[in-house]
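Asker: Next up is a structure, given as C-alpha cells.
The values are calculated or read from the model by the stated rules, or taken from the named source; none is laboratory data. Nothing here was measured: the structure is a model prediction, and the numbers come from that model. Quick reminder, even Gly has a Cβ in these numbers, built from the backbone with ideal geometry, and neighbours come from all protein chains shown.
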C-alpha cells in the first residue's frame with residue numbers, strides 16, 4: 001500500500017511541479033523580453049490559476065507530465081533558441097539536484113520521491129532535446145515537434161520564427 005501511495009504522490013504532485021518548473025524555464029527568457037507568457041499544465045480545459053504581470057498559469061484537473069509554454073509574439077531566432085533551451089536547462093539542474101538528494105539519508109519516502117523525480121527529469125530531458133516529432137503514445141504531445149527539433153529548425157532558418 002505504501003508503494004501505491006508513493007507512486008500516487010509522485011504522479012499527482014511531484015511530476016506536475018517538475019513540469020511547471022520546466023515550463024517556467026521556457027517562460028523566464030520570454031518575460032525578460034517583455035512578452036506575455038501562458039503556461040498550460042495538464043490536458044484539455046485548463047483553468048486559470050495564477051496571473052503575475054505577463055505570466056499566466058492555467059492548470060487542468062489531474063495534470064501530470066503534460067505542459068506547454070506559449071508566447072504571444074513572434075521572436076527572432078536567438079530569442080526562440082534561448083526560450084527553447086530554457087526548459088531543458090532547468091530540467092538538467094533539477095536532475096542534478098534530485099540525483100544529489102537521492103544520496104541524502106532522510107528516510108524512505110524522501111529517497112523514493114527524489115529517485116522518482118530524478119528518473120522523470122532524465123526522461124523529460126532526453127525526450128525534450130531529442131529532435132523528433134512525438135509519436136501517438138505521447139498523448140497530448142502527439143504529432144508536435146520536440147524542443148530539440150524546433151531548435152534545429154530555428155538554427156537552420158534565416159528569418160524570425162513564431
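Asker: Do you know which residues across the stretch 17-58 are out of contact with any helix residue (DSSP H, G or I) (no Cβ under 8 Å at 6 or more places or on another chain) and surrounded by 15 or more Cβ atoms within 10 Å (Cβ to Cβ)?
Answerer: Passing the criteria: 20, 31, 35, 38, 40, 46, 56, 58.
Asker: Is it the case that residue 76 is surrounded by 12 or more Cβ atoms within 10 Å (Cβ to Cβ) and modelled with pLDDT of 90 or more?
Answerer: So residue 76 does not fit the description; no.
Asker: Separate question: Please pick out the residue among 126, 104, 122, 78 that is out of contact with any strand residue (DSSP E or B) (no Cβ under 7 Å at 6 or more places or on another chain), farther than 30 Å from residue 2 by Cα and not in a strand (DSSP E or B).
Answerer: Exactly one of 126, 104, 122, 78 is out of contact with any strand residue (DSSP E or B) (no Cβ under 7 Å at 6 or more places or on another chain), farther than 30 Å from residue 2 by Cα and not in a strand (DSSP E or B), namely 78.
Asker: Also, quick follow-up: Can you go through 5, 11 and tell me which one is outside any strand (DSSP E or B), over 11 Å from the mean Cα position of the chain (by Cα), free of Cβ contacts under 8 Å to residues at least 12 places away in the same chain and surrounded by fewer than 18 Cβ atoms within 10 Å (Cβ to Cβ)?
Answerer: The conditions single out 5.
Asker: Identify all residues within the stretch 21-48 that are under 18 Å from residue 138 (Cα atoms) and in a helix (DSSP H, G or I); write none if there are none.
Answerer: 22, 23
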